[in-house]
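Asks: If you scroll down you'll find the structure; I have some questions about it.
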Amino acid sequence: MNHKVAIVTGSNSGFGLLTTVELAKSGFRVIATMRNTAKKEELLKRASSLQVEDRIVIQELDVTSASSLESFKKFLTSLDRIDVLVNNAGFAQGGFLEEVCLDEFRQQFETNVFGVIGVSQLLLPYMRRQGSGKIINIGSISGRIGFPGLSPYVSSKHALAGLSESLRLEVKPFGIDVHLIEAGSYQTNIWTTGKKITERSLHSTSPYHAQMKKLNAHLVESGETYGDPRNVSDLVVKIATGRNQRFRYQVGKGTTTTILVKLLLPWRIIERIILHKLS
C-alpha cells in the first residue's frame with residue numbers, strides 16, 4: 001500500500017466520523033476505531049456516498065480497556081506504517097464537584113486522558129522507528145478556562161492540554177509532531193447522547209439544582225450558535241497533510257476571544273462574567 005495510514009479513535013460519530021471520511025478523501029488509508037463496531041453503519045454510509053469506503057478499515061477499540069488495547073496492539077503489527085493518529089474518543093461528564101462521585105471522575109479521565117495515553121503509547125514506537133508521524137489530540141476550549149457544573153470534563157481537557165505540551169517536547173527530536181485542537185462548541189453527540197450529568201445535580205433536592213437548570217438552559221440556548229463540525233475535520237486534514245505547523249489550533253466561535261480574555265483580564269472579572277451568564 002502506497003497510501004499513508006491514519007488512525008482515528010471514536011470514529012463512529014461526530015468529529016471522528018467526519019475526520020475519518022475527510023482523511024480518506026485526502027488519500028489516507030484510515031483505520032477507523034470504535035468501541036462498538038455495530039455502530040459503523042453511519043460511517044460506512046457516508047463513506048460509500050463519497051466512494052471512499054475501500055480506504056477505510058473498521059477496527060474495534062475501547063480505549064479504556066486493557067484487553068482491547070492489547071488486541072489493537074496485535075492488529076498494529078499488520079501495518080507497514082503509521083503516519084497520523086487522531087485521538088478523538090471522548091465524552092462529556094457534567095455535574096457539580098461536590099456531587100460527582102470519584103468513579104464518575106475516573107470514568108471521565110479514563111476516556112479523555114488515559115485513553116489518549118494508552119493509544120499513543122502503542123503507536124509511538126512505530127512513528128519513532130520510521131522517524132516521522134503526527135499525533136493530533138482533539139481538545140477543547142474547556143482546556144483553557146473553567147466553567148461551573150462541568151468540572152469533570154473541564155479538568156480532563158486541562159489535563160489533555162498539559163499532556164499534549166509535554167508529549168510534543170518529548171517526541172519532537174524523533175521527527176514526530178504533536179498538535180492540540182482546542183475546539184469550541186459544536187453540534188455533535190458529545191452534548192446530546194454523549195453528555196452525562198450526575199444524577200445528584202439533576203435532583204430537585206440538590207443545593208446546586210437551580211444552577212444546574214440555568215446551566216442546561218445556557219447550553220440549549222448556545223446550541224443555536226454551535227458551529228459546523230466539519231470545521232474541525234477540515235482542520236485535522238489540514239494538519240495531517242501540512243508541514244511545519246504549530247502546536248495549538250483554535251477552531252469555533254468565540255475560542256480566540258475566550259483565550260484572550262483568560263490571558264488579559266484579572267480572574268475577578270472573568271469570574272464575574274461567567275457567573276453573570278448563569279444568573
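Derivation of every value follows stated rules applied to the coordinates shown; laboratory data play no part. This one's a predicted model, so the numbers in the text were calculated from it and none came from an experiment. Every residue, glycine among them, receives a Cβ derived from its backbone with ideal geometry; neighbour counts consider all protein chains shown.
Asks: Give the angle, between 0 and 90 degrees and rounded to the nearest 10, that separates the Cα long axis of helix 267-277 from the longest principal axis of the Cα atoms of the chain.
Replies: The angle comes out near 80 degrees.
Asks: Using θ = phi - 60° and the Karplus form 6.51 cos²θ - 1.76 cosθ + 1.60, what ³J(HN,Hα) does each residue of the stretch 232-239 get, whole Hz, x for Gly and Pro?
Replies: Values, residue by residue: 6, 5, 5, 5, 4, 5, 4, 5 Hz.
Asks: Please list 3J(HN,Hα) in residue order for the stretch 66-71, calculated via the Karplus relation 6.51 cos²θ - 1.76 cosθ + 1.60 where θ = phi - 60°; whole Hz, with x for glycine and proline.
Replies: 4, 5, 5, 5, 5, 5
Asks: Could you work out how far helix 115-130 tilts from the main Cα principal axis of the chain, as a 0 to 90 degree angle to the nearest 10?
Replies: Long axis of 115-130 versus the principal axis of the chain: about 30 degrees.
Asks: Ranking Thr77, Thr9, Thr37 by Cβ neighbours within 10 Å, fewest first, what do you get? If you can, show how the numbers build up before the last one.
Replies: Values: Thr77 7, Thr9 26, Thr37 14.
In order of increasing Cβ crowding within 10 Å: Thr77, Thr37, Thr9.
Asks: How much FRET efficiency would the formula 1/(1 + (r/R0)^6) give for Gln107 and Asn231, where r is the Cβ-Cβ distance and R0 is 35 Å, rounded to 0.05?
Replies: Numbers: r = 28 Å, r/R0 = 0.81.
It comes out at approximately 0.80.
Asks: Going by amide H atoms built from the backbone, whose H comes under 5 Å of the H on Ile197, apart from near neighbours?
Replies: When sequence neighbours closer than 5 places are left aside, the close amide H contacts are Gly94.
Asks: Turning to a different aspect of this structure: Quick one: which residues, 5+ away or cross-chain, put their amide H under 5 Å from the amide H of Ile135? H built at 1.01 Å from N.
Replies: Leu85, Asp177, Val178, His179
Asks: Relative to the longest principal Cα axis of the chain, at what angle does helix 14-25 sit, 0 to 90 degrees, rounded to 10?
Replies: 30 degrees
Asks: Additional query: Rounded to the nearest 500 deg cm²/dmol, what is the calculated helix-only ellipticity per residue at 222 nm for the chain, with -39500 (n - 2.57) per DSSP H run of length n ≥ 4?
Replies: Values: 11 runs with 128 residues, N = 279.
Using -39500 (n - 2.57) per qualifying helix, the result is -14000 deg cm²/dmol.
Asks: Taking 0.36 nm per residue of sequence separation and subtracting the Cα-Cα distance, how much length would be gained by fully extending the chain between Ser71 and Arg243, in nm to one decimal? Before the final figure, lay out each step's value.
Replies: Details: separation 172, 0.36 × 172 = 61.92 nm, distance 3.23 nm.
Working it through step by step, the gained length comes to 58.7 nm.
Asks: Could I have the simple spin-label model distance between Ile270 and Leu97, label points 7 Å from Cα toward Cβ, reported in nm to one decimal?
Replies: Roughly 1.5 nm, to one decimal.
Asks: Can you tell me how the stretch 205-260 classifies by the Cα gyration tensor, rounded, prolate or oblate, using a/c under 1.5 as the rounded cut?
Replies: Working: a/c = 3.32, a/b = 2.60, b/c = 1.28.
It comes out prolate by the Cα gyration axes.
Asks: Quick one: length gained pulling Ile259 to Arg128 fully straight, 0.36 nm per residue minus the C-alpha distance? Can you show the working numbers first?
Replies: Details: separation 131, 0.36 × 131 = 47.16 nm, distance 3.29 nm.
Contour length minus Cα-Cα distance gives 43.9 nm.
Asks: Then there's this: Can you work out the FRET efficiency for the pair Glu41 and Ala210, with r the C-beta to C-beta distance and R0 = 41 Å, to the nearest 0.05?
Replies: 0.50
Asks: Pairs to check: Lys4/Lys73; Lys196/Lys277; Lys40/Lys262; Lys45/Lys157; Lys39/Lys262; Lys39/Lys277. Give those whose C-alpha atoms are more than 28 Å from each other in this structure. Write down the numbers at each step before the final one.
Replies: Details: Lys4/Lys73 19 Å; Lys196/Lys277 22 Å; Lys40/Lys262 39 Å; Lys45/Lys157 31 Å; Lys39/Lys262 39 Å; Lys39/Lys277 37 Å.
Over 28 Å apart, Cα to Cα: Lys40/Lys262; Lys45/Lys157; Lys39/Lys262; Lys39/Lys277.
Asks: Additional query: Taking a virtual spin label 7 Å from the Cα of Val57 along the C-beta vector, which residues in the stretch 9-44 bring their backbone nitrogen under 14 Å of it?
Replies: Those under the cut-off are 28-34.
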